[in-house]
Amino acid sequence: MKFEIEQDDSYSVLTLKTDRLDSKIAPDLKSQIILLANASEKGHLIVDLQGVSFADSSGLSALLMAHRLYRDTDRKFVLCGLSDRIKKLLEISQLDDIFVTVDGRKSALEHINNPG
């Protein structure tokens with residue numbers, strides 16, 4: 001498995017355990033995100049990309065799907081641990097304004113626990 005999942009009552013943290021978010025991992029990632037989204041109507045999702053240095057359109061598509069799933073149910077979806085390269089990719093793809101991104105897991109937890 002190329003990712004690890006930690007769950008709490010109000011959120012899940014999905015941590016990628018690979019340096020590439022590409023077409024090889026994207027289908028499994030999408031499936032896991034759907035399972036997490038359907039498992040808890042109240043649970044938020046944090047995707048920790050620490051260590052990921054490459055993403056392609058398939059990987060970005062998986063993240064966009066997660067964004068839509070969680071946005072449409074008023075749950076929070078947060079990306080954390082982005083490398084400078086991934087931040088730049090989001091910026092070039094004009095996705096930096098769509099995703100909520102924070103530096104690390106602690107900031108992600110603060111964000112999801114903030115009622116605003």
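Descriptive notes on the structure:
- Residue, surrounded by the most Cβ atoms within 10 Å (Cβ to Cβ), within the range 14-49, restricted to residues that are out of contact with any Leu (no Cβ under 8 Å at 6 or more places or on another chain) and either β-branched (Val, Ile, Thr) or closer than 18 Å to Val102 by Cβ (or both): His44
- If you go through the range 66-81 and pick out every residue that is among the aliphatic types (A, V, I, L, M) and over 10 Å from the mean Cα position of the chain (by Cα), you end up with 1.
- For His67, the conditions (1) out of contact with any Phe, Trp or Tyr (no Cβ under 6 Å at 6 or more places or on another chain); (2) over 13 Å from Ile5 (Cβ atoms) are fulfilled apart from (1).
- Of the criteria (1) more than 20 Å from Gly43 (Cβ to Cβ); (2) in contact with a Gly (Cβ under 6 Å, 6 or more places away or on another chain); (3) not acidic (Asp, Glu), which one Cys80 fails: (1)
- Taking every residue in the range 93-108 that is without any contact (Cβ under 8 Å) to a residue 40 or more places away in the chain and pairing it with any residue that is of a type outside the set (Asp, Glu) and not in a strand (DSSP E or B), at least 6 positions away or on another chain, the pairs with Cβ-Cβ distances below 6 Å are Asp96/Leu90; Thr101/Leu82; Val102/Ala108; Val102/His111.
- Search result, residues across the range 90-116 that are in a helix (DSSP H, G or I), within 18 Å of Gly51 (Cβ to Cβ) and of a type in the set (A, V, I, L, M): Leu90, Ala108
Every read-out reported here was derived from the displayed coordinates using simple, explicitly stated rules and does not represent laboratory data. Keep in mind that what you see is a predicted model, and the values were worked out from it rather than measured. Ideal geometry is used to build each Cβ from the backbone, glycine not excepted, and the neighbour counts take in all protein chains shown.
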